[in-house]
1. Examine region 382-392 for a residue that is more than 29 Å from PRO427 (Cα to Cα) and not assigned by TED's automatic domain parsing to the domain that holds ALA259, and state whether such a residue exists.
2. Scan region 108-119 and report the pairs whose first residue is in the same structural domain as GLU174 (by TED's automatic domain parsing) and whose second residue is of a type in the set (A, V, I, L, M) and surrounded by fewer than 14 Cβ atoms within 10 Å (Cβ to Cβ), with Cβ atoms within less than 7 Å and a gap of 6+ or a chain change.
3. I want to confirm something. Restricting to region 396-417 and keeping residues that are part of a loop (DSSP other than H, G, I, E, B) and under 28 Å from ALA322 (Cβ atoms), which single residue is farthest from the chain's Cα centre (by Cα)?
4. So which residues in region 207-243 are surrounded by 13 or more Cβ atoms within 10 Å (Cβ to Cβ), modelled with pLDDT under 75 and not in a helix (DSSP H, G or I)?
5. Restricting attention to region 20-31, does a residue exist that is in contact (Cβ under 8 Å) with a residue 40 or more places away in the chain, outside any helix (DSSP H, G or I) and not hydroxyl-bearing (Ser, Thr, Tyr)?
6. Scan region 246-270 and report the pairs whose first residue is assigned by TED's automatic domain parsing to the domain that holds LEU328 and whose second residue is of a type in the set (Phe, Trp, Tyr) and crowded, with 18+ Cβ neighbours inside 10 Å, with Cβ atoms within less than 7 Å and a gap of 6+ or a chain change.
7. Being more than 30 Å from ALA469 (Cα to Cα) and assigned to a helix (DSSP H, G or I): is that true of VAL202 here?
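The values are calculated or read from the model by the stated rules, or taken from the named source; none is laboratory data. Since this is a predicted model, take the numbers as computed values, not measurements. Because the Cβ atoms are built from the backbone with ideal geometry, glycine has one as well, and the counts that use them run over all protein chains shown.
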Amino acid sequence: MTYRATSKHSRLSILHKGLIIISIPLVFELFFVFVLINLLDESSKHITAEIQSQDKIVCVETMIKELSDSTTSSVLFNVTRRQEFKDRNEKSRIRLRKVYGKLVKLCANDPAEAEAVERLNQSANRYIEQQDKAFAMGPQNRMSAFFAMPALFQAQQFMMMRPDGAPRVILDKEQKVQTVEPRLRQQSIVRLQILIFFGLAVHISITVFLVNFFARYISQRMDNVLTNTLKLGARMPLNPPLRGTDEIADLDHALHKTASEILDFEKFKEQLVGVVSHELRTPLTSVQGTLTLAEAGALGPFSEKSLVEIKKAQASLKHLIALINNLLLLERLEAGSQVMKREELDMAEMIDDALDEFAEIAESKNLEIQCTVDEIITAGDWEKLLHALYILIETSITRAPSDSALTITGSSDGASNFEIRICDQGPALSAVRASNYFDRNRENDEDDSSEEDKGRILFLALSQAIVTAHAGTLTVHSEGEHTCFSVKLPIRKVPQ
């Protein structure tokens, strides 16, 4: 598989798709805000019109009140000639001018009302003129004589609120506004509420759509890449490459290319290891046969010293052949090409067989072996698991000092898992050392207890690979004076 070369200018990246997706709610937001502003503006216009109408009514009524008050004060002054009534009249005139100025501004945009305000002002001026004349007249014996003045009678038309009078024109029109504007304002508020609920519903719909889109498009595609990554680690066939031109599709295609290269490399490495192992084992087997014949005397008599050296050579040769076999098995296990049998396993019997193999070594070091294993029947590859136990028990015996104890326990947590612990009294392991103790690439360090332990790195990595191939875990840690290997395996059903 080759990696596709897609032009950056012609492909639609995740960023571009994200911008397109974001633009959908953004356009709606702009439209929603525009409509919302218009409705708010319309509602504010109705409120403003209602307030202005109320202000006009108040101004007209205030002008009538102030004119009435000024007329009353002028009459009382004419009759009594008391200064306080004249001061009262002056204050009424000042308030009347202020209210008139405000009413002119309120009615400036309405020609009919502006004309009525002007007529209202003219009538008010006539009233004030008559009041000034009343101030200049001599005292009247009766108030009726004061109101009988012809000029003042004409000005009284202002106070009668006739339908064709200026105050009635403004008041009738603004009372209609007071009736219509609240209803229009309420309608605007209802439309505003409908818009808000509609916007909320659309927002929720867009959110659900985007969540589903990301869940179906982005998340599923990323899950596919993650699944392919896990399958690559487990050396399983990968899912088909993703379609598309975005970065996720590029990542998935790159992962497929990498997987293909890794599998090709591992296949080549396995073949290489197999060829090297075969080429090494063939001459070593011949040498081993020759040493066996020499030890048996078939090649003539040898001195005692020569026989000792022959035995040492045989032991080294046996170790070298075992190392080559273990290396080949480890490569097959890590590549996932080793077929594991599934046969009945009695763990107590397996541990007894493993201990029998090292009985002489344990006796030579005067080790006390304490073994307590529950009756556990599971399924797995007897030969491979026994080989892993050989490695672990031999490592513990090698680590343990002379005249010490070796403890082996085996127990289950019910019907799902069981654990085997092999504990020795050898040198404690640091947390860092324990974390990479089964790493085939770790380097020898000065804390290794012996030369034999230094050469066991490959064997320890093999034991972990065998346990992992049985869906289990292998760890080591130090507890006080003891260092324990812990093998945790699932309890499997025995094939029928």
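1. There is at least one residue in region 382-392 that is more than 29 Å from PRO427 (Cα to Cα) and not assigned by TED's automatic domain parsing to the domain that holds ALA259.
2. Between residues of region 108-119 that are in the same structural domain as GLU174 (by TED's automatic domain parsing) and residues that are of a type in the set (A, V, I, L, M) and surrounded by fewer than 14 Cβ atoms within 10 Å (Cβ to Cβ), the close pairs are ALA114/ALA108.
3. Among residues in region 396-417 that are part of a loop (DSSP other than H, G, I, E, B) and under 28 Å from ALA322 (Cβ atoms), the one farthest from the chain's Cα centre (by Cα) is SER402.
4. Result: ARG235, single match.
5. No; the residues of region 20-31 include none that is in contact (Cβ under 8 Å) with a residue 40 or more places away in the chain, outside any helix (DSSP H, G or I) and not hydroxyl-bearing (Ser, Thr, Tyr).
6. Sorted first by the residue in region 246-270, then by its partner, the list stays empty.
7. Answer is yes for this residue.
To keep it simple, each residue is scored yes or no on (1) buried (at least 18 other Cβ atoms within 10 Å of the Cβ); (2) free of Cβ contacts under 8 Å to residues at least 60 places away in the same chain.
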residue: ALA354; (1), (2): yes, yes
residue: GLU360; (1), (2): no, yes
residue: ALA388; (1), (2): yes, no
residue: ALA431; (1), (2): no, yes
residue: ALA434; (1), (2): no, yes
